[in-house]
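So the structure is just underneath, and the comments pick up after that.
Where a number appears in this text, it was derived from the coordinates with a stated rule and is not lab data. Note that this is a predicted model, so its numbers are computed, not measured. Because the Cβ atoms are built from the backbone with ideal geometry, glycine has one as well, and the counts that use them run over all protein chains shown.
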Amino acid sequence: MKEYQAEAIRNIALIGHGGSGKTSISESLLFTSGEINRIGKIEEGNTTSDYNQNEVDRRISIAASLLHLEWANTKVNILDTPGFPDFIGQVISSLHVTDLAISVIKSAEGVEVGTEQTWELVKKTKLPAAVIINKVDNEHSKFFETFQQAKNRLSSDLVVVSFPAKEGLNFTSVVDIVKMKMISYGEFGSKKVTEEEIPGDLKAQADKLREELIEKIAESDEALMNKFFE
Ligand SMILES: Nc1nc2c(ncn2[C@@H]2O[C@H](COP(=O)(O)OP(=O)(O)OP(=O)(O)O)[C@@H](O)[C@H]2O)c(=O)[nH]1
Ligand SMILES: [Mg+2]
């Protein structure tokens, strides 16, 4: 087995309310990085993370699963934790061994009780944290409303790094605020990705969000600010 130096290892926990999409995101990450060559689905009971028969039958995660992938010469260990509150012990123990927590929130439903409960644990451990606003293909998706809610209820430090170019049933693309490009995805499981200039009607919004991102970075760390400009 390939050996990695400590600086080339990242440990991430996916946390959040039940059914927000943590296991599906894990599966997509494994597929995108080439760790698996067929993408599993919760409905088909064939995801890498929910392998236990009970998880397959109930279509929920019960225990935290440890997954791994390689990306840019870095080993990424992912702990996919259950969202159902009975299993919160799995979230608590996972957060003790991770460097970063990623909270997955449903775009249409917004911040839910499980989002707040698991976020409280992150605050206790003082871990760095990020948020994924997921299910932006839902017809009731309201990305920016959910973002504002997360800012109000989780952390005022949150800033957007990418947003859906068009949310709802026609979702195919995101605007990446770091690359300043629009990134479009092919059909599910195709790995087809295309980069284009940000369309005119979204450019002003992207510029404004990028300014907010830079301000936040500058506010928090001078070294990071220099790195960002490099
Ligand atoms: N349309 C749509 N469905 C999604 C998306 N992400 C997940 N789902 C579906 O949402 C349901 C829950 O997904 P999971 O990946 O099991 O969510 P989870 O957060 O791991 O759930 P627990 O582990 O039980 O907390 C499944 O039916 C998924 O197929 C998404 O981005 N879009
Ligand atoms: Mg799950």
Problem - the chain - mean residue ellipticity at 222 nm from DSSP helices (-39,500 (n - 2.57) per run, n ≥ 4, rounded to 500) - result: -10500 deg cm²/dmol
Fill in the blank from the handout: Net charge near residue 68 (other residues with Cβ under 9 Å of its Cβ; Lys, Arg +1; Asp, Glu -1) is -1
Practice task
Would you order 95, 202, 66 from fewest to most other beta-carbon atoms within 10 Å of each residue's own beta-carbon?
Solution key: 66, 202, 95
Completion exercise
Taking alpha-carbon centroids only, segment 1-39 lies from segment 100-137 a number of Å equal to 17
Handout entry: Of all DSSP beta bridges in segment 7-136, antiparallel share, percent nearest 5
Key = 30
Fill in the blank from the handout: Computed on Cα atoms only, the convex hull of segment 44-139 has an orientation-averaged projected area in nm² of 7.2
Completion exercise
Counting sequence-distant residues (5 or more places) and residues on other chains, those with an amide H built under 5 Å from that of residue 41 are 46, 47
Practice task
For the chain, just the Cα atoms, rotate onto the principal axes and tell me the three extents in Å, largest first.
Solution key: 49, 40, 38
Handout entry: Per-residue Cβ neighbour rank within 10 angstrom, fewest leading, 195, 112
Key = 195, 112
Handout entry: Cα centroid of segment 49-86 to Cα centroid of segment 156-206, whole Å
Key = 27
Handout entry: Taking the chain and dividing mean pair separation by its residue count, relative contact order in percent (alpha carbons under 8 Å, at least six apart)
Key = 16
Problem - Mean Cβ neighbour count within 10 Å, used as a protection proxy, ranking 10-18, 46-54 highest first - result: 10-18, 46-54
Practice task
Below 27 Å Cα-Cα, how many Lys pairs turn up in segment 7-136? Only count pairs eight or more apart in sequence, or on different chains, if you could.
Solution key: 19
Exercise for the section: Provide the three semi-axes, in whole Å and in decreasing order, of the ellipsoid equivalent to segment 142-230 as defined by the square roots of 5 times the Cα gyration tensor eigenvalues. Expected result: 25, 17, 12
Problem - Antiparallel bridges, percent of DSSP beta bridges restricted to the chain (to nearest 5) - result: 55
